[in-house]
Amino acid sequence: MQHAEAELGPIAHRAVMSYIQSRLAALGLTQPQYWVLRHLCPTDPAPDAAGRTVAELAALMRAYLDDGHDPEPDVAALVADGAVTRDANGRLALTEAGRRAHARVKEQAPAIHDRIHDGIEDADYATMLRVLRRIIHNTTTGTPGTSEAPGTSDASGTPG
């Protein structure tokens, strides 16, 4: 593999993350702050309107937080900004300002998605996802010689 090809994945990841983070910054949020708002919103994806603790948020966000990232400073900033409240038991809840901030990001999501996907056919995007899933499978839990990658419903790789 050429060195330039090996760098495409990290370069693409950094470019996409930088773009998303710049769009969030324009709305006054960091990406971890948005994740906090999202996980406290009863309709996206949290069905528990009673809120969550910082430890519960950290567990939910573990898959996409940088190793060792503590969401407490993000929560503290959101509390200071009036977007989140914290009760005596440490449970967090969105305020009206927090719901509005979450809604502003959700309003921008289609434009962000469209910019990232501009010029990419749906079939090409689906192929890229299958290839990335297979790379992850091959390098983490995959068994050499198997044809099915995780997240697929059949050997063709059709997302399941």
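Brief remarks on what is shown
- Computed 3J(HN,Hα) for the stretch 33-43, one whole-Hz value per residue from the Karplus formula 6.51 cos²θ - 1.76 cosθ + 1.60 where θ = phi - 60°, is 5, 4, 4, 4, 4, 4, 6, 9, 6, x, 10, glycine and proline marked x.
- Positive dipole terminus of the stretch 1-133, leading residue within 31, 60, 82 (C-beta point charges): 82
- Computed FRET value (nearest 0.05) for residue 125 with residue 77, which takes r as the C-beta separation and R₀ as 35 Å: 0.55
- Modelled label reach - residue 111, point 7 Å along Cα→Cβ, the stretch 10-35 residues with backbone N closer than 12 Å: 23-24, 26-27
- Rounded to the nearest 20 debye, dipole of the stretch 16-111 from Cβ charges on Lys, Arg, Asp, Glu: 300 debye
Here, each number is a calculation from the coordinates, and none is a lab measurement. Every value quoted in this text rests on a predicted model; they were computed, and no experiment measured them. In this analysis, Cβ positions are derived from the backbone assuming ideal geometry, glycine residues included, and neighbour counts consider all displayed protein chains.
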